[in-house]
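Each value in this text was obtained by applying a stated rule to the coordinates, not by laboratory testing. Fair warning: this is a prediction, and the values are worked out from it, not measured in the lab. As a convention, Cβ positions derive from the backbone with ideal geometry for all residues, glycine included, and neighbour counts pool all protein chains shown.
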């Protein structure tokens, strides 16, 4: 093999298909803030990004890949099971553990999987090879997108246009953390714990309340109106399109610093405490706003702790709750079908009244 060909093969994915740097995105702070909180604590439950066309929704989500840390996985497991978490292991790994067989462990970067609008149920959930199952008695499984997204991020662009049946499949997997495939009396389950990130344009229709409630956070973004910022965005995009590798190098230090901050925050998260008085006040706000269920309470607590961890603090403050409250609750407010989602002012006012 010639030296040039070999060199080309050694080029990394980011170099062969450069991604716009996350730290180079101008404006849209609410969206970036929501994505960062979910990287720190995946149990927040994902984020729904709603905004106008051409506001950088897909660009921001794909730029997140550079910031994702590495995780430990079982090398020969197609579901990327955590070797240190028996509850989320696949059947294959669990059987090896029970037989005291050694596990080959490797490091892998958290993956982001795109779910296309035209995907079939088999492509999303995976399929069982019925012929092999019936003739050889082996549960041969072809993993789908939910298997690839386990312990990673599942991104659905234009999620409000997704087929209702696939929406239900995503809801079941997101709620239980497991995906079950049943064909002709044969059933197979595998872990499917992922951060669900969706984006869409509100002009093309709102989501069903059941799906909205599954998203931990709701970020609203709009077209930048300030002329200097618009010029800066155009120049940034032009610079990246003209020389993407050189453009990425300019932001390498900022990217590295943010990635290190996120990694430290993830490791630091378990040390963060939230005072019982603040927990009560969060629940008081949820009750005052007449929010159904307890998901709003749980997400607000988690998001506030993730923010404290990101800022290297061990105690949640009322200001943390004020910052994350609107993102956690505004899409859970009861509203008339013809109304749009609250901008966050109603939620912010309720928090200010009770916290003060």
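Of note:
- Across segment 269-355 the C-alpha pair distances fall into 5 Å bins from zero in the proportions 3, 16, 27, 24, 16, 9, 3, 2, 0 percent.
- At q = 0.19, 0.28, 0.34 Å⁻¹, base-10 log of I(q)/I(0) for segment 70-109 (Debye sum, equal scatterers on each alpha carbon): -0.45, -0.96, -1.33
- Remark: segment 134-221 projects, on average over all directions, an area of 6.7 nm² (convex hull of Cα atoms).
- When Rg and Dmax are taken over the Cα atoms of segment 171-276, they come to 21.0, 62 Å.
- Volume per residue that the Cα convex hull of segment 195-235 spans, once the total is divided by residue count, Å³: 104
- Relative contact order %, the chain, counting alpha carbon pairs below 8 Å whose residues are six or more apart: 21
- Most to least packed among 266-276, 304-314, 68-78 [average Cβ atoms within 10 Å]: 304-314, 68-78, 266-276
- Segment residue 97-residue 264, length gained on full extension (0.36 nm per residue, minus Cα span): 57.1 nm
- Here the sum of -39500 (n - 2.57) over DSSP H runs of 4 or more residues, divided by the residues of the chain, equals -13500 deg cm²/dmol at 222 nm, to the nearest 500.
- Label-to-label distance for residue 85 and residue 279 is 2.2 nm, based on points extended 7 Å past Cα in the beta-carbon direction.
- Sorted by Cβ neighbour density within 10 Å, fewest at the top, the residues 353, 99: 99, 353
- Intensity falloff of the chain expressed as log10 I(q)/I(0), Debye formula with alpha-carbon point scatterers, at q = 0.10, 0.13, 0.14 Å⁻¹: -0.70, -1.15, -1.30
- Antiparallel bridge percentage (DSSP; both residues within the chain; nearest 5): 45
- Sequence ranges 101-112, 26-37, 168-179, ranked by mean other-Cβ count within 10 angstrom, highest first: 26-37, 168-179, 101-112
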